[in-house]
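The values are calculated or read from the model by the stated rules, or taken from the named source; none is laboratory data. On a predicted model such as this, the values are computed, not experimentally measured, just so you know. Note: ideal-geometry Cβ built from the backbone for every residue, glycine included; neighbour counts use all protein chains shown. Side chains are part of the model used for accessible areas, which takes the heavy atoms of the whole protein and leaves out ligands, DNA and RNA. Shrake-Rupley method; radii C 1.70, N 1.55, O 1.52, S 1.80 Å.
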Amino acid sequence: MNARTAPSAPDGSGAPDGPGGTAETPGAGGTDGTGGTSDIGGTGAITALSAVAPVVWGTTYLVTTEWLPPDRPLISGVLRALPAGLIALALGRALPRGAWWWRAALLGTLNIGAFFVLLFVAAYRLPGGVAATLSAAQPLMVAAFAYLLLRERVTGWRLGWGLVGIVGVALMVLRGPLGFDPVGIVAGLAGTGVMAAGVVLTKRWGRPPGVGVLALTGWQLTAGGLFILPLALAVEGPPPALGVSELGGYAWLSLVGALLAYVLWFNGIGRLPVTALSFLSLLSPVVATVLGWLVLDESLTAGQTLGFVLALTAIAAAQLSPPTLFSAPGRSKEV
């Protein structure tokens, strides 16, 4: 790979490190170091493109159950993240420099590595509906982290719609006997929390000057895949032999579900208020429920339909910016 190191700020980090500081002003144009633009579109276009990521992630359940080997979630996490990360590194042609080595490792662990592992623990110890409902708390967790780390204002409007979103997801996915294993509950909430923290820190640190979103995505996917790799080999052993359907499933999850989706997601983080952006994650259970009905012939009850409407309404309403409920001192602007 013909890689180059990212240019660095005088402190060696490549970015200011004050509260709310980023390496690149959100919304600013620029190049990604490969001759292309580093940012994509205006606000409406960015929101729509960012929504593609959770929509694609909503296909994961269908692809996993229909085309991937059973009982290999950690290996699946590695094969999803690591190849996509290496491709992004090759295309982005930039390596971290200075403090960005540990920043990229931390962000990749939070957004991808630790998130996948905790999700695996929650999925194995809880009914799927309970795990999905816990993940729907992400907008509220992002709002809390954004208030603490970015001084992003918090509105009662978005907090209220965050609760509505949780109710909507619960109506869509909670069916049958419910289990509340304490370890599973902690893992589910921790998984949601680490990704929320990763989203906010990605916003806070931005990108080093001259480094595009593709390179940043490659850093994080590679770091996340390397985090999972030793755990996957220790717990599940080497990957099984793969047929055509398994290869197709992994290709979808890696090239579309990781490479494309995370490029769009990280671009959105850099350009939109992170609390509003985080509501888009509710699209994943919406898509998973619809695909279960359309493809797997699962039932769609009146309660699920109501949940579907509530979740979509919460997503749309959260993109608006009504008056602030309270603001952190020294920062009232949404970032």
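Annotations for the structure displayed:
- Residue check for Val164: touching a residue at least 24 places away in the same chain (Cβ under 8 Å), open to solvent by 10 Å² or more (accessible area, probe 1.4 Å) and assigned to a helix (DSSP H, G or I): yes
- Of all residues in the stretch 188-204 being β-branched (Val, Ile, Thr) and at pLDDT 95 or above, the one that is most open to solvent (accessible area, probe 1.4 Å): Val194
- The criterion of being part of a helix (DSSP H, G or I), within 26 Å of Thr133 (Cα to Cα), touching a helix residue (DSSP H, G or I) at 6+ places or on another chain (Cβ under 8 Å) and not aromatic (Phe, Trp, Tyr) does not hold for Gly248.
- Checked against (1) touching a residue at least 24 places away in the same chain (Cβ under 8 Å); (2) open to solvent by 40 Å² or more (accessible area, probe 1.4 Å); (3) part of a helix (DSSP H, G or I), Ala215 meets all criteria but (2).
- Taking the criterion of being β-branched (Val, Ile, Thr) and open to solvent by 20 Å² or more (accessible area, probe 1.4 Å), the residues of the stretch 117-141 that qualify are Val117, Val121, Thr133.
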